[in-house]
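The values are calculated or read from the model by the stated rules, or taken from the named source; none is laboratory data. Remember, predicted model here, so these are calculated numbers, not experimental data. Neighbour counts are summed over all protein chains in view; Cβ atoms, including those assigned to glycine, are modelled from backbone coordinates with ideal geometry.
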Amino acid sequence: MFMWQETGVSEEKLKFINDWLKGEFNFAMLCKRYQISRPTGYGLIKRYQAEGVAALQERSRAPHTIPHKTPESVEMELLKLKHRYPHWGPSMIRDFLLKEKIEGLWPAASTIGELYKRHGLVKPRKFRKKTPVHSEPLKHCEAPNQVWSADFKGQFLLKNGKYCYPLTMTDNYSRYLILCEGLMSPNCNDSMKCYEKAFREYGLPDAIRTDNGQPFAGLAVGGLTRLSIWLLKLGIMPERISPGCPQQNGRHERMHRTLKEAVVFPKQKTLAEQQKLFDEFKVEFNTQRPHQALKANRPAEIHKRSTRELPDKLSEVIYPDSFLVRKVKTNGEIKFAGKRYFLSELLHGEAIGLEPIDEERAMIYFSKLKLGIIDSRLKKIIRP
């Protein structure tokens, strides 16, 4: 075992060689005196005879060759791709290279990550407490166009001093980014125009999940707004997450984080310039960026256009024959069991379905949405 004294390794080696040259000790005793093995002693003498005193200096223990070192050409390609997609992580970049079948022996994601760290291309992440996954609202999402999600990404000021409100929409199953539109305000009219644009291009979904803010939900019975009434007449169920539970729309929120990292900053001067970045992000997100949740596939490879088309004209809502049908008056009222009850002025002219529970009560529907129970005994509508 190598046991050089702490007086200095090089100094001890020099003393060993001097004593060996003097010949005062036999070799076994000499090695015992310096507490080293005989193979170590023979190796030191051999080096001294070949190189002289220089052989006694400490040498690096690093290997002369690294057979598994990433080739320089591969490192250059990895760095080039990172500069092209700075917000992509090592796993995503590796999946991209494998998916594109670009020639090269691509290292593991951990090795790619270390390469980016050495070049200062990785920002340390802040620790975040993770919210447990809430899977129940998504359990019925088993194919494209069953559930879409929509939301406004937080507004921000452009360089011209005006606000930009990005309205986004995704398909929950394929993660396909259907809409990413910068608006000047989150009003109902502009939002409906964006929805219509999406429906004409991608067809109609079965449901759209949103939070409880305007223009998606309001204070009227059933949380109805002009937007949600229009959706219901198109046969689209408006789903709303529980207040204060953004994790119920977690897939969409994750996309928002990627959007913020990619294009929200630096801010552009005008809305048109900002929209150009949104359009570029949409193409990248759908057709280039591999998604681990999709087994490294891109959303465009999974998503399919809906077979349900946007009609040219809205038709009146049809109810089962067992329902009582009432038209909502201009003042928002309907009549039941000889009494008038206020629903919402937003529904004026619309057909409401009443499913009888007994002679004095009925469940109120607008399309497939339950609005509450009308009770003639209590003379009021009980909201769900």
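Hey, which of the strands (runs of 3 or more DSSP E) in segment 299-375, taking only ones fully inside, have at least 1 residues that are hydrophobic (A, V, I, L, M, F, W, C) and touching a residue at least 40 places away in the same chain (Cβ under 8 Å)?
333-336, 361-366, 369-375
Those residues that are on the phi < 0 side of the Ramachandran plot and modelled with pLDDT under 90, I need them from segment 215-238; list them, please.
Across segment 215-238, the qualifying residues are A217, G218, L219, A220, V221.
Read through the list (1) aromatic (F, W, Y); (2) at pLDDT below 90; (3) under 26 Å from R298 (Cβ atoms); (4) in a loop (DSSP other than H, G, I, E, B), then give the number of the only condition that Y116 fails.
Exception for Y116: condition (4).
So how many residues does segment 212-245 have that are surrounded by fewer than 16 Cβ atoms within 10 Å (Cβ to Cβ) and under 26 Å from the mean Cα position of the chain (by Cα)?
Here the count works out to 7.
Can you say whether Q275 is modelled with pLDDT of 85 or more and in a loop (DSSP other than H, G, I, E, B), as far as the supplied structure shows?
Spelling it out, it is not the case that Q275 is modelled with pLDDT of 85 or more and in a loop (DSSP other than H, G, I, E, B).
Out of all the residues in segment 183-192, is one or more in contact (Cβ under 8 Å) with a residue 60 or more places away in the chain and surrounded by fewer than 20 Cβ atoms within 10 Å (Cβ to Cβ)?
Checked against the condition, which is being in contact (Cβ under 8 Å) with a residue 60 or more places away in the chain and surrounded by fewer than 20 Cβ atoms within 10 Å (Cβ to Cβ), segment 183-192 yields at least one hit.
Taking segment 67-99, which residues are of a type in the set (A, V, I, L, M, F, W, C) and part of a loop (DSSP other than H, G, I, E, B)?
Listed by number, the list holds a single entry, W88.
What residue, of L314, L343, L277, is of a type in the set (A, V, I, L, M), surrounded by 16 or more Cβ atoms within 10 Å (Cβ to Cβ) and within 20 Å of P238 (Cα to Cα)?
After applying the criteria, what remains is L343.
For a quick check of your reading: which strands (runs of 3 or more DSSP E) sit entirely within segment 155-235 and have at least 1 residues that are in the same structural domain as V283 (by TED's automatic domain parsing) and either among the aromatic types (F, W, Y) or farther than 26 Å from L294 by Cβ (or both)?
Of the strands (runs of 3 or more DSSP E) lying wholly inside segment 155-235, those with at least 1 residues that are in the same structural domain as V283 (by TED's automatic domain parsing) and either among the aromatic types (F, W, Y) or farther than 26 Å from L294 by Cβ (or both) span 163-171, 177-183.
Any chance segment 174-182 includes a residue that's without any contact (Cβ under 8 Å) to a residue 24 or more places away in the chain, under 28 Å from E273 (Cα atoms) and surrounded by 16 or more Cβ atoms within 10 Å (Cβ to Cβ)?
Checking segment 174-182: not a single residue is without any contact (Cβ under 8 Å) to a residue 24 or more places away in the chain, under 28 Å from E273 (Cα atoms) and surrounded by 16 or more Cβ atoms within 10 Å (Cβ to Cβ).
Suppose the filter is acidic (D, E), part of a helix (DSSP H, G or I), surrounded by 16 or more Cβ atoms within 10 Å (Cβ to Cβ) and touching a residue at least 24 places away in the same chain (Cβ under 8 Å); does E261 pass it?
For E261, the condition - acidic (D, E), part of a helix (DSSP H, G or I), surrounded by 16 or more Cβ atoms within 10 Å (Cβ to Cβ) and touching a residue at least 24 places away in the same chain (Cβ under 8 Å) - is not met.
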